[in-house]
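*Asks:* Please see the structure below; I have some questions.
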Ligand SMILES: [Zn+2]
């Protein structure tokens, strides 16, 4: 497999590689026969495609997320960890029971050592007055 990383996200990948869980995720994707691609977009949200081969990250998109340290802006590295986590087949599971499978399996274990807090809900608020959204896919 090939994980094609745009130069733009090289530093985010390097940040993820510092942590055991981040290395584990990237190794798993690297060991897969699939070809994955990371695209930079200006779509105003971050997501994967249905085939779970491509990740789309808007480097200017930083929604407010609920965390153990209060409201925080979601970093590009956090969104990358989240969306790359989806490529392993782990889904967002907000209902029932708020299991938050992808956040608990990949996003938080990768990002808590880097940023010092865990995401606690799937709710996000795009930091523009009056606009709320749950852009996760
Ligand atoms: Zn998601």
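Here, each number is a calculation from the coordinates, and none is a lab measurement. If you're wondering where the values come from, they're calculated on a predicted model, not measured in any experiment. Reconstructed Cβ throughout: ideal geometry from the backbone, glycine too, with neighbour counts over all protein chains shown.
*Asks:* Nearest 0.05, what FRET efficiency do residue 11 and residue 117 give at R0 = 22 Å with Cβ-Cβ as r?
*Replies:* According to the calculation, E is roughly 0.60.
*Asks:* Using the number of other C-beta atoms within 10 angstrom as an exposure proxy, rank 7, 115, 43, 107 with the fewest first.
*Replies:* 7, 43, 115, 107
*Asks:* Fewest Cβ neighbours within 10 Å first, please rank 100, 16 accordingly.
*Replies:* Ranked by crowding around the Cβ, least crowded first: 100, 16.
*Asks:* Would you please classify the overall shape of the range 2-125 from the alpha carbon gyration tensor, given that a ≥ b ≥ c denote the square roots of the eigenvalues, rounded means a/c under 1.5, and beyond that prolate means a/b larger than b/c while oblate covers the rest?
*Replies:* Taking the square roots of the gyration eigenvalues as a ≥ b ≥ c, the range 2-125 is rounded.
*Asks:* If I model a spin label as a point 7 Å beyond the Cα along the Cα-Cβ vector, how far apart are those points for residue 125 and residue 43 in nm?
*Replies:* With each label point 7 Å from Cα toward Cβ, the separation is 2.5 nm.
*Asks:* Take residue 34 and residue 68, extend 7 Å from each Cα along the Cα→Cβ direction, and tell me the distance between the two endpoints in nm.
*Replies:* Spacing of the two 7 Å Cα→Cβ label points: 2.9 nm.
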